[in-house]
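These notes are about the structure you will find just below.
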Amino acid sequence: MTRFLRHRLFWPVAILVALLALNLVFTDNFFRVQMKDGHLYGSLIDIVRFGAPLILVSLGMTLVIATSGIDLSVGSVVAIAGALACLQISDLGDQNSIGGVLGAVGIALALSVVLGVWNGLLVAGIGIQPIIATLILMVAGRGLAQLITDGQITTVNSSPYKLIGGGYWLTLPFSIIIVAVVLALTAFLTRRLALGLLIESVGGNAEASRLSGISARGVLITVYTFCALCAGIAGLMISSNVSSADGNNAGLWIELDAILAVVIGGTSLAGGRFSLGGTVLGALIIQTLTTTIYSIGVPPETTLLFKALVVTIVCLLQSPAFREKVFHRRRRPQAPSPVTEEKVRVSA
Amino acid sequence: MLKRISALILAGATALTMAGCSGGGDGDSSASNGSSGGGDDKIVMGFSQVGAESGWRTANTKSVQESAKEAGIDLKFSDAQQKQENQIKAIRSYIQQKVDVIAFSPVVESGWDTVLKEAQNAKIPVILTDRAVDSKDTSLYKTFLGSDFVEEGKKAGQWLVDQYKDSKDTVNIVELQGTTGSAPANDRKAGFGEIISADPKFKVIASQSGDFTRAKGKEVMEAFLKSNPKIDVLYAHNDDMGLGAIEAIEGAGKVPGKDIKIITVDAVHDGMQALADGKINYIVECSPLLGPQLMDLAKKVVKGEQVPPRVVTEETTFTQEQAKEALPNRKY
């Protein structure tokens, strides 16, 4: 029992379960999943479907935060990728041509990668603080997205494009399949290969890593590029889900939600360690919270307050120092050394 | 003097780069030499636009620019890119340029007193377009030209009441509100609520904010469809949220416009198309084409004539048949 309680993912899981239980009480049929038009349909499916872009962005953000950086530009990259893809598709003669859509998707993702490399070069090459370096693209990028769409909402009518964010494959939402693939790939690269260790070591102490022969610069550029690529895919999902690109609003404030998801998932903002599973749980918690608000009918005027309350509780429960204070009588005998959130020092 | 002119040019240049709009270029460069004399009788108007965030706004801009040309008014146009500080800068530069009249659509409601006082001290009349300010001192501006959002809500409610006048069953309504706290969201909700509250059979069973966007409209509607088994009517505060909701309704295996009747506000092109296709049942127009009315008011104000403090834009409503007729001639 205590081992279970002390597992680093215990609290995120507990919170997610609590939120779902709240819906069990307040909303009829919340857990009912049925087949409709040959695909799964229900509130739980909605949560993963609408949560998919946030999970992707948060995955990229996790690796960036693990290097003790931060990427504020993801929201803008979301808007740019969606805008560029929709612009390309709207110029196609036949919007349903698979080749044309693949080309548009390719161009949008290629631009996302370029933007990621730009962030990486600013941070690793020139040495600008990550929060400032990515702020540049956060502010300028939204302007770029508006430039691409001419400030308008670009509507497309393309069924292959629609599949990415709003379609289904093998009864499952296609977006969640993409997320599963990206998650599996990330987990493989970081946990089976040395990349994860390198990222954690750069996040723990970039200088010491460099002295011990790790190319810190290369690692940093890689994670910022990966983060932008994830944001680009998320941008395609968001615009595909509504078959239109909205340069003003697509991905607005998603960077903050992503950072929150990462933190709820137990990754320290100080860098040096990260948890992919925790991040996925964090993103699901945020989306469940949003869906819960709509389902149980929290009035819009109090929505933000309600969210703030839940997030505060979540963060407090996540904090070892807080738990130590509140539960210390029960826990002290078993856990003499609480988990420290200090930076991991990597010694060569 | 030289200092002043160079400062002005600098300000103009900054405003241009920030706005990133190519259209305003010629207007601004002619500003420094043309208007300062004020000898010719051509009226000079400084107009500060919110931004170019939607088709609606672009149509609004075009209408102002075109009708200025027709009315023979020299228009100095600037785009604030949704930022109040840009708009204040633009208004200050118009005051320095000594334009004859300033018109603008405020990005937000509050925080305008100082800059409006500056205009007043410079004896330049101000006209608000499309959006109001919450200033208590109404002498700071001459008139407010724009849509009456409460009236729009009432029109939407009235159509609903007429549609269901022969039925005795309860009508379950869900509402997609605009951005929480914004004037159009508050007023469209209030006007609609006022009309339907006369008959207890109309029930708003769920009402949430969809932030005026398609993505949020879809997401919220998905949740509504799952938590409320029986929805008869959807009232969305703008077309875009309605369009998002249509996708959600179709995804749930229902037919938008038939299984669930849809009322929206705005009448932008995509919305009118959906109305003509039978997916939306009724659209209350919120017309951006207020240019001609604005120019008339500007001429009167400059001459010193009295104008009413509140002028409502000329607007209409559309049924599906009317949409099919109107669609080919729509400007936006």
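Please treat every number below as a calculation from the coordinates, not as lab data. These numbers were taken from a predicted model, which means no experiment stands behind them. Cβ placement follows ideal geometry from the backbone for every residue including glycine, while neighbour counts extend to all protein chains displayed.
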Only helices counted: for chain A, with every DSSP H run of 4 or more residues adding -39500 (n - 2.57) and the sum spread over all residues, [θ] at 222 nm is -22000 deg cm²/dmol
Residues of the stretch B:152-189 with backbone N under 13 Å of the label point set 7 Å from the Cα of residue B:254 along Cα→Cβ are B:171-176
With R₀ set to 56 angstrom, the calculated FRET efficiency between the beta-carbons of residue B:92 and residue A:39, to the nearest 0.05, is 0.50
Here the whole-number average of other chain Cβ atoms within 10 Å per Cβ of A:236-243 is 3
The longest stretch of chain A containing none of the GluC sites (Glu not before Pro) that sit in a DSSP loop with at most 16 other Cβ atoms within 10 Å is A:1-340
Ordering A:4-10, B:131-137, B:59-65 by per-residue average of other C-beta atoms within 10 angstrom, highest first, gives B:59-65, B:131-137, A:4-10
Packing-ranked peptide list from A:27-34, A:121-128, highest mean Cβ count within 10 angstrom first, is A:121-128, A:27-34
Rounded to the angstrom and largest first, Cα extents along the principal axes for chain A equal 70, 57, 38
One can check that the equivalent ellipsoid of the stretch B:149-286, built from the alpha-carbon gyration tensor with semi-axes equal to the square roots of five times its eigenvalues, has lengths in Å, largest first, of 19, 17, 15
With label points set 7 Å from each Cα along the Cα-to-Cβ direction at residue A:197 and residue A:128, the distance between them in nm comes to 3.4 nm
Total charge of the residues flanking residue B:228 in space, meaning their Cβ is under 11 Å from its Cβ, with Lys and Arg +1 and Asp and Glu -1, is +1
Averaged over the residues of B:222-232, the number of partner chain Cβ atoms within 10 Å of each residue's own Cβ comes to 5
Partner shielding of B:212-218, as the mean number of partner chain Cβ atoms within 10 Å, equals 6
If the chain between residue B:136 and residue B:162 were fully extended at 0.36 nm per residue, the gain over the current Cα-Cα distance would be 5.5 nm
Counted neighbours (other Cβ, 10 Å), sorted fewest up, put B:45, A:237, A:138 in the order A:138, B:45, A:237
Of the DSSP H helices in chain A, the ones reaching 18 Å or more along their long axis in Cα terms and averaging at least 1.0 in Kyte-Doolittle hydropathy are A:10-26, A:43-66, A:74-91, A:98-120, A:130-149, A:174-187, A:216-241, A:276-296, A:303-318
Partner lysines whose C-alpha sits under 21 Å from that of residue B:303, ignoring same-chain residues fewer than 8 away, are B:42, B:69, B:76, B:98, B:117, B:123, B:142
Site residue B:277, offset 7 angstrom along Cα→Cβ, radius 11 Å on amide nitrogen, limited to the stretch A:159-200, gives none
Ordering B:120-128, A:107-115 by per-residue average of other C-beta atoms within 10 angstrom, highest first, gives A:107-115, B:120-128
The relative contact order of chain B, taking Cα pairs under 8 Å that sit 6 or more residues apart, comes to a percentage of 16 percent
Computed on Cα atoms, the radius of gyration and Dmax of the protein assembly as shown in angstrom are 27.3, 90
On the formula 1/(1 + (r/R0)^6), with r taken between the Cβ atoms of residue B:198 and residue B:230 and R0 of 30 Å, the FRET efficiency rounded to 0.05 is 0.85
Cβ-Cβ cut-off under 14 Å around residue B:121, Lys and Arg +1, Asp and Glu -1: the net charge is +1
Summing -39500 (n - 2.57) over every DSSP H run of at least 4 residues in chain B and dividing by its residue count gives a helix-only mean residue ellipticity at 222 nm, to the nearest 500 deg cm²/dmol, of -14500 deg cm²/dmol
Those helices of chain B passing the 30 Å axial Cα length cut-off and the mean Kyte-Doolittle cut-off of 0.0 (DSSP H runs only) are none
In nanometres, the difference between 0.36 nm per residue of separation and the alpha-carbon distance of residue A:17 and residue A:180 is 56.6 nm
With R₀ set to 22 angstrom, the calculated FRET efficiency between the beta-carbons of residue B:118 and residue B:307, to the nearest 0.05, is 0.55
Note, residue A:285: beta-carbon cut-off 13 Å, +1 each Lys/Arg, -1 each Asp/Glu, net 0
